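Taking it in order: structure first as structure tokens, then the write-up.
The values are calculated or read from the model by the stated rules, or taken from the named source; none is laboratory data. As the structure is a prediction and not an experimental result, all values here were calculated from the model. For neighbour counting, all protein chains shown are included, and Cβ atoms are generated from backbone atoms with ideal geometry for every residue, glycine included. Side chains included, ligands, DNA and RNA excluded: accessible areas come from the protein's heavy atoms. Shrake-Rupley method; radii C 1.70, N 1.55, O 1.52, S 1.80 Å.
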Amino acid sequence: MTATTEDGPQEEYDAKRHAGLYGAQRFKAMSAVLLALLLSVLDYAIANVALPLIAEDLHASSSRAIWVVNAYQLANLSCLLPLASLGARVGFARLSQFGIFLFLIASVACALSQNLLELTLARALQGMGGACIMSVNFALIRFIYPHKELGRGIALNGLFVGIGVALGPSLGSLILSVASWPWIFWINLPLALVALVLAHSALPQTPRSDIPTDMVGSLLTMASFALTGVGLDGLMHADFLSGGVVTFAGGLCWAMLLHYQRERLEPIVPVDLLARRPFLLACLVGFLGFVASNLYIVAMPFTLATVFHRGPGTIGLLIAPWAVGVATMSFAVSRLADRFPASVLSSIGLLITASGFCLLWFLPTDAGNWAIAWRTLFAGCGFGLFQPPNNRAIMVSAPPGREGGASGMLSVARLGGQTTGALLVAGLFTVFPHPAFICLGTAMMVAFTGATLSLGRKYLAA
């Protein structure tokens, strides 16, 4: 079945396949999805706050310490699409459970790391566990909620992302005020154990694809993302020779992958979905939104420490309003996401985010905590308004049977944007001696570009 909206003819679903769950069954299944999501988001947010202390304790530069974030993001990004494809074959619930277990093991490895290399490798393993969770997260929601209420499920997902990001800085600041940085990883263990038990007992069994796993396509996909990311990081750190060679190798892998997948029925990289203009536009808008957000999130702890001269505890509290705004607005927009098009809601959201970054950009260096906090909250509210409608637009653009590919691509747009944002921060920190406000200005321009593209999707998708 295909429905037409103000964003164009984009909603495809099967009334029986997407009938959803109800009552206690829906509550338990959604609780399992959200707890697993909270596990991965919470740890990412805590690690951001700890970056300055990790850099100092492990004797690493600020630009190199960002790899504590990048390793997680890059491993997550490289594995998302192959794991989304695998999830369609082995079952979305089973892959999510394995991801929680892997995340738990990797958290122990992170806490026991003695140098930056060990921590980076452990974070990469953690990113693979997070990819198992995130690659099937939205596919599971597609089966838990009926089509007419899908926006509520996606908005609830955004709410918990906001809660995780909000709790992360505050919890991280609390932990760092009484203990050393490894405890930000030990805290994952009880949450992961509860999530694993709940996921095993409550997640729904979904239809499985009978198409064999494409191992060649999976390996090429991981190599394409990983080599491109590592190469671009080298270029951002002015390592032009090796960075250029690795980036070129990544480009070759991409060419081989796209050529290899042209005749595949369900390609690992969902080129069949990307050929649908509403789907492609929604993914591009999502990508730009998360580039802007990570330019802010990754750079802001260093900005608050070096420009505004705030301590570790205060840094976490001043970043938290961003996540509070995201969570609050995600909850408020839950009913609107099913009624109003993404070309309206998401565009307004990104414009508000860009305006918030602009207000932070103009702050004097002696600004008080309240002046920083309310501007951060304002930008976060805009981002919370942007996410659920745009995520819904991605999921409903995919035909029945391609929920896994759409879920994976949604997460790729998010993590690809976050990784690109983090790489840009590393590059700006390498090139400029005082890059704090340059990062904010870049975030503002990227958010405004995303808002403009989102506003025009009704006409571009026609």
From the list S113, S85, S78, pick out the single residue that is of a type in the set (G, A, S), outside any helix (DSSP H, G or I) and either within 18 Å of M395 (Cβ to Cβ) or touching a residue at least 12 places away in the same chain (Cβ under 8 Å) (or both). S113
Of everything in the stretch 325-337, what is part of a helix (DSSP H, G or I) and either surrounded by fewer than 23 Cβ atoms within 10 Å (Cβ to Cβ) or of a type in the set (S, T, Y) (or both)? Give them in sequence order. T328, S330, F331, A332, L336
Of (1) at pLDDT below 80; (2) over 25 Å from V291 (Cβ atoms), Q73 satisfies all except one. Which? (2)
Collect the residues in the stretch 304-317 that are in a helix (DSSP H, G or I), surrounded by fewer than 21 Cβ atoms within 10 Å (Cβ to Cβ) and not small (G, A, S), keeping them in residue-number order. T306, P312, T314, L317
Checking the condition modelled with pLDDT under 90 and either buried (at least 21 other Cβ atoms within 10 Å of the Cβ) or within 22 Å of S343 (Cβ to Cβ) (or both), which residue from L385, L460 passes? L460
Residues that are more than 30 Å from T452 (Cβ to Cβ), open to solvent by 40 Å² or more (accessible area, probe 1.4 Å) and touching a residue at least 40 places away in the same chain (Cβ under 8 Å): find the helices (runs of 4 or more DSSP H) completely inside the stretch 214-303 holding 1 or more of those. 215-236, 240-260
F340 fails exactly one of (1) within 22 Å of F138 (Cβ to Cβ); (2) assigned to a helix (DSSP H, G or I), namely (2)
Matching residues in the stretch 80-95 - criterion: being over 13 Å from M134 (Cα atoms), small (G, A, S) and modelled with pLDDT under 85: A88
Look at the stretch 366-395 and say how many of its residues are without any contact (Cβ under 8 Å) to a residue 40 or more places away in the chain and touching a helix residue (DSSP H, G or I) at 6+ places or on another chain (Cβ under 8 Å). 1
Number of the exception - P207 against (1) in a loop (DSSP other than H, G, I, E, B); (2) open to solvent by less than 40 Å² (accessible area, probe 1.4 Å); (3) not hydrophobic (A, V, I, L, M, F, W, C): (2)
How many residues, within the stretch 173-224, are touching an Asp or Glu at 6+ places or on another chain (Cβ under 9 Å) and small (G, A, S)? 2
So the check is Cβ under 6 Å with 6+ separation or different chains; which pairs have a first residue in the stretch 139-157 that's over 17 Å from L35 (Cβ atoms) and a second one that's open to solvent by 10 Å² or more (accessible area, probe 1.4 Å) and of a type in the set (A, V, I, L, M)? P146/A19
Going by what's in this entry, would R310 be described as basic (K, R) and either in contact with a helix residue (DSSP H, G or I) (Cβ under 6 Å, 6 or more places away or on another chain) or under 22 Å from T365 (Cα atoms) (or both)? yes
Residues to consider are L359, L377, L363; find the one that is of a type in the set (A, V, I, L, M, F, W, C), over 16 Å from S454 (Cβ atoms), assigned to a loop (DSSP other than H, G, I, E, B) and open to solvent by 10 Å² or more (accessible area, probe 1.4 Å). L363
Kindly list the number of the only condition in (1) in contact (Cβ under 8 Å) with a residue 60 or more places away in the chain; (2) within 21 Å of the chain's Cα centre (by Cα) that fails for I352. (1)
If you check every pair at least six apart or on different chains, which have Cβ atoms under 7 Å apart with a residue in the stretch 22-51 that is part of a helix (DSSP H, G or I) first and a residue that is surrounded by fewer than 18 Cβ atoms within 10 Å (Cβ to Cβ) and of a type in the set (A, V, I, L, M, F, W, C) second? A29/L21; L35/V194
Of the criteria (1) farther than 19 Å from F378 by Cβ; (2) in contact (Cβ under 8 Å) with a residue 24 or more places away in the chain, which one G311 fails: (2)
Has the stretch 388-399 got at least one residue that is part of a helix (DSSP H, G or I), small (G, A, S) and open to solvent by 10 Å² or more (accessible area, probe 1.4 Å)? no
Given the condition within 30 Å of V307 (Cβ to Cβ) and within 19 Å of the chain's Cα centre (by Cα), answer yes or no: does some residue in the stretch 426-433 qualify? yes
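Okay, residues lined up against (1) within 30 Å of V431 (Cβ to Cβ); (2) polar (S, T, N, Q); (3) modelled with pLDDT of 80 or more:
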| site | (1), (2), (3) |
| --- | --- |
| M1 | no, no, no |
| A29 | no, no, yes |
| V33 | no, no, yes |
| V49 | yes, no, no |
